[in-house]
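One structure is given below, encoded as C-alpha cells.
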Amino acid sequence: MTGTRDPLEQLRSALAGVPWSEEAARLTDDELLAAMGALEAVGRLVDASRVAFAGEVAERSRVELGDQRLSTRRGCRSAAELIERVTLVSGAEARRRIALGGATRARFGFTGEPLAPEFPRIAAALAAGELGADAAGTIIRELGRARPVADPAVFAAAEQALVAEATGGGDGGPVRCTADELRVQAQAWSVFLDQDGREPDDERAMRRRGFRLGRARDGLIPVTGELMPEVAAKLTRLFDAHLAPRSGGGFMTDEERSRIAEFGETRTADQQRHDVLAAAIDTAARSGEHPMIGGAAPTVLVSVRASDIESGRGVAHADGVEVPISHRAARHMMCTGGTQKVVFDDDGRIITLGSPERCFTPHQRRAITLRDGGCLIPGCSVAAAWCEIHHVIPDADGGPTHPDNGVLLCWFHHRTIDTSGWGIRMLRGVPQIRPPAWLDPGGGWRPVTKSPTRLADQHDRRPAA
Ligand SMILES: [Zn+2]
C-alpha cells in the first residue's frame with residue numbers, strides 16, 4: 001500500500017502549500033496559460049487514477065459477489081454510494097467514474113485469460129494523461145450507442161480517430177479538439193457506424209415510451225410522458241382537425257358572427273387542446289370498443305355528501321383521482337353519463353346509489369345528432385361525433401333521458417353552460433338558444449341547429465329577399 005500512498009502524499013503536500021491565486025496573479029499572460037495547461041496535465045493523470053480506482057471498487061462490488069460485495073461489507077447499497085461516502089463527490093460523479101472505469105479497465109475471460117478493455121485506445125490515452133476524463137466519457141457515451149450494430153473494425157477505427165483528434169495524434173500535426181468539439185465529432189461517427197440507425201432508435205423509443213398522470217397540484221393533474229412519433233403525429237392530426245377554424249352558427253347574421261369571432265373564443269391553444277382530449281376520451285369511452293369492467297362499460301363513480309348537495313357547498317370526489325372535484329364538474333359528469341352517483345350522509349352511510357345507465361342510448365344519440373348536427377353554441381365548430389349530450393332539464397330535476405330533453409354540446413360549452421350565459425330550452429322537441437347579454441343585449445330565443453338537413457330546410461322556407 002505504501003507504494004501508492006507515498007507518491008500521492010508527496011504530490012498532495014507539494015500542491016497543498018502553494019498559494020495558487022497569488023501565484024496566478026504574478027504570472028505573465030503566456031506563463032499563466034502555460035501553467036494552466038501543465039496543471040491540467042497533472043489533473044488528467046489524477047482523473048485517470050480516480051477513474052481506475054472507482055472501476056476497481058465497482059468490480060469488487062459487483063452483484064454476483066452477493067454478501068461479499070465490497071459495498072455491502074461496508075454497509076452501502078451500491079458501489080456508487082461507497083464511492084460517494086469515501087470521496088464526498090456527488091452520486092452523479094461517482095456513477096460517471098464507475099462507467100468510465102468499467103469501459104477502460106482490463107477484463108478477464110471465463111478461464112481468467114486477460115482481455116483488452118472495452119475501449120482500449122481510450123484506456124491507453126487516459127492512463128497516459130493525454131485524454132481528459134470528460135473527453136473520454138463523451139467518446140464512450142456517443143460511440144457506445146452504436147456499438148451493438150457497428151462493424152468491429154470500423155468501430156475500432158472510429159475510436160482511434162477520435163482519440164487522435166483529442167490528443168493531437170502524437171505526430172505533432174492537427175490541433176487538439178476540445179471536449180465539446182469532440183462530442184460533435186463523436187456524434188458524427190456514431191451516426192456513420194449506425195448505418196441502420198433508424199431501427200435501434202425505434203427500439204430505444206419503444207423502451208422509453210410512456211404516459212403518466214402525475215400527483216395533483218393546485219387542483220390539476222399534470223401529464224407527462226414520451227410519445228412514439230407516430231402516436232404524436234395522430235394526436236397532432238386530431239388537434240388540428242378540431243382546432244381548425246370553421247364557419248359555424250346556423251342562424252347568425254354576419255354581424256353576429258363577427259362579434260362571436262371577436263369575443264367567442266376565450267380559450268388559449270393549450271386549453272383548446274385539453275378540451276379536444278376531453279372529447280376524445282369521452283368518445284372512446286362510449287364507443288363500446290373498450291374493455292368492460294365488471295361486465296359493464298367503464299363507469300366513473302362520483303361520490304358526494306347529501307348535506308353538500310343541499311347547501312351547494314363542499315366538493316365531490318371522482319373515483320381514481322385524489323383531488324376533489326367541484327359540484328359543477330360533478331354535475332357535468334353526471335349529465336354526460338358514464339358515471340354513477342353515490343350520495344353519503346354525514347356519518348358516511350350510503351343513502352343514494354344512482355343508476356349507472358342514465359346515459360342516452362346510441363339510438364337516441366343518432367336522433368339527436370341528426371337534429372342538432374354539432375355543438376349548438378353558435379361559432380363552435382365541434383362536430384356531433386365529438387359532442388356530449390346535455391340534459392336541458394337536469395336529471396335531478398326530473399328531466400327525462402329522452403331526445404326531447406337532450407342537446408349536443410362540446411365538452412367546453414357543456415362544462416361552462418351554467419356560467420357562460422348561453423340559454424338553452426326545448427320547444428316541442430326543438431332546441432332554442434338565447435345568446436348571453438354581452439353578445440346580444442335584449443336578444444330573445446331562437447331555434448338553432450348545425451344539421452345540414454335542417455339548415456337546408458330553413459333556407460327553403462325563408463321568403464325570397
Ligand atoms: Zn361547443
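The values are calculated or read from the model by the stated rules, or taken from the named source; none is laboratory data. In this text, all values refer to a predicted model and were calculated from it rather than measured experimentally. We place every Cβ from the backbone using ideal geometry, glycine too, and count neighbours over all the protein chains shown. For the accessible areas, the whole protein counts, side chains as well, though only heavy atoms, and no ligand, DNA or RNA atoms are used. Shrake-Rupley method; radii C 1.70, N 1.55, O 1.52, S 1.80 Å.
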- Query: Take the residues of the range 408-448 that are charged (D, E, K, R) and within 15 Å of the ligand (Cβ to nearest atom): which is most open to solvent (accessible area, probe 1.4 Å)?
  - Reply: D418
- Query: Do you know which residues across the range 203-243 are under 17 Å from A279 (Cα atoms) and among the small types (G, A, S)?
  - Reply: A241
- Message: When the residues of the range 10-66 are narrowed to those that are closer than 24 Å to E93 by Cβ and acidic (D, E), which ends up least open to solvent (accessible area, probe 1.4 Å)?
- Response: D47
- Query: Has the range 374-386 got any residue that is under 24 Å from M426 (Cβ atoms) and more than 16 Å from the ligand (Cβ to nearest atom)?
  - Reply: no
- Among the numbered conditions (1) under 30 Å from V430 (Cα atoms); (2) outside any loop (DSSP other than H, G, I, E, B), tell me where I309 comes up short. (1)
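Residue-by-condition table, conditions (1) open to solvent by 20 Å² or more (accessible area, probe 1.4 Å); (2) outside the structural domain of A279 (by TED's automatic domain parsing):
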position	(1), (2)
P324	yes, yes
R331	yes, yes
V343	no, yes
G348	yes, yes
R366	yes, no
L376	no, no
C380	no, no
H391	no, no
- Which of the helices (runs of 4 or more DSSP H) contained wholly in the range 53-170 include at least 3 residues that are among the charged types (D, E, K, R)? 79-87, 91-104, 133-146
- Query: Any idea which of (1) surrounded by fewer than 15 Cβ atoms within 10 Å (Cβ to Cβ); (2) assigned by TED's automatic domain parsing to the domain that holds A241 is the one D319 doesn't satisfy?
  - Reply: (2)
- Task: Looking for whichever is free of Cβ contacts under 8 Å to residues at least 24 places away in the same chain and more than 28 Å from G338 (Cβ to Cβ) here; the options are P447, P452, P436, P400. Which one fits?
- Result: P436
- Check the range 335-349 and report whether any residue there is of a type outside the set (V, I, T) and within 16 Å of the ligand (Cβ to nearest atom). yes
- Item | Single condition T401 does not satisfy, out of (1) within 19 Å of T283 (Cα to Cα); (2) more than 34 Å from the chain's Cα centre (by Cα); (3) within 16 Å of the ligand (Cβ to nearest atom) | (3)
- Task: For the range 358-371, state whether one or more residues are within 16 Å of the ligand (Cβ to nearest atom), out of contact with any Pro (no Cβ under 9 Å at 6 or more places or on another chain) and modelled with pLDDT of 90 or more.
- Result: yes
- Quick check: anything in the range 187-208 at pLDDT 80 or above, outside the structural domain of P148 (by TED's automatic domain parsing), within 21 Å of F412 (Cα to Cα) and open to solvent by 80 Å² or more (accessible area, probe 1.4 Å)? no
- Message: Residues to consider are A157, A133, A123; find the one that is free of Cβ contacts under 8 Å to residues at least 40 places away in the same chain, of a type outside the set (K, R) and under 18 Å from G101 (Cβ atoms).
- Response: A123
- Pairs only if they're at least six apart or on different chains, beta carbon under 7 angstrom, first in the range 201-222 and among the hydrophobic types (A, V, I, L, M, F, W, C), second assigned to a loop (DSSP other than H, G, I, E, B); list them, first residue then second. A205/M228; L213/I221; A216/E322; A216/V323; I221/G214; I221/V321
